[in-house]
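One structure is given below, encoded as structure tokens.
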Amino acid sequence: MSVDSTAYRDGILAAYQGELIGESLYRELANRSMVGDRKAKLHAIADVERHTHCKLKPIAERLGINVNEAQWMRVVERRLSELESMAWPDFIDKALRDWPPYIARFEALKQLAPAGDADTIKWLVDHEAALVAFARIEHDDMGSNASLRRLQTYLEETPDGRRELRTSGKL
Ligand SMILES: [Fe+2]
């Protein structure tokens, strides 16, 4: 394997596992949330993460990537206990610190992608941009539905994304 294809495989592994962790983590935070708009927003984040790992799955399978569920569930547990006790404004501030670097990381992965994977990696970049936009809107207009609408619009406009909206009962 060339250096580039090894780097690409490592990047897909990290992204695929990250999306699996993200869906479980935000879904569980949503299930535990007692505040209506936050519950809906956390479910929408989980929907976006779910959509993204479903899109990455065929690439991960082609590359022979096998994620270790026990390992990533431990990460979910650890991050759950960290995030669950956090106040919502702090959670959003943390998202604004932690999420934007992924856009550059996924852009770099796009440069390594074979032509047939380019569309999928573009969605990977776009989903992170949508999540960062969500966090910025929520930061500036906390408690409104504008941030939630940004994620719903992303799912509506993304191929197969409408299925996630149906799954979570939003259509
Ligand atoms: Fe993600």
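Quick notes on this structure:
- Considering the chain, its Cα convex hull presents a mean projected area of 9.7 nm².
- Cross-link pairs exceeding 22 Å between alpha carbons, from the set K55/K122; K39/K122; K55/K110; K94/K122: K39/K122; K94/K122.
- Peptides 78-84, 106-112 ordered by packing proxy, namely the average of other Cβ atoms within 10 Å per residue, highest first: 106-112, 78-84.
- Listed values for the range 117-130 are Karplus-derived 3J(HN,Hα) couplings in whole Hz (6.51 cos²θ - 1.76 cosθ + 1.60, θ = phi - 60°), namely 9, 4, 4, 5, 5, 5, 5, 4, 5, 5, 5, 5, 4, 5, and x replaces Gly and Pro.
- Across the range 43-56, coupling constants 3J(HN,Hα) worked out from phi with the 6.51/-1.76/1.60 Karplus curve, θ = phi - 60°, read 4, 5, 4, 4, 4, 5, 5, 4, 4, 5, 6, 5, 5, 7 Hz, and Gly and Pro carry x.
- Efficiency of FRET between V3 and V67 - r from beta-carbon atoms, R0 25 angstrom, step 0.05: 0.60
- 3J(HN,Hα) along the range 73-82: 5, 5, 5, 4, 4, 5, 6, 4, 5, 6 Hz, from the Karplus curve 6.51 cos²θ - 1.76 cosθ + 1.60 with θ = phi - 60°, whole Hz, x for Gly and Pro.
- The chain, relative contact order [Cα under 8 Å, separation at least 6], %: 26 percent
- Computed Rg/Rh of the range 30-119, alpha carbon atoms with Kirkwood Rh: 1.01
- Ranked by the mean number of other Cβ atoms within 10 Å of their residues, highest first, the peptides 115-127, 92-104 fall in the order 115-127, 92-104.
Bear in mind these aren't lab numbers, they're just calculated from the coordinates by the rules spelled out. Quick caveat: nothing in here was measured; it's all calculated off a predicted structure. All Cβ positions, even for glycine, are placed from backbone atoms using ideal geometry, and neighbour counts span all protein chains on display.
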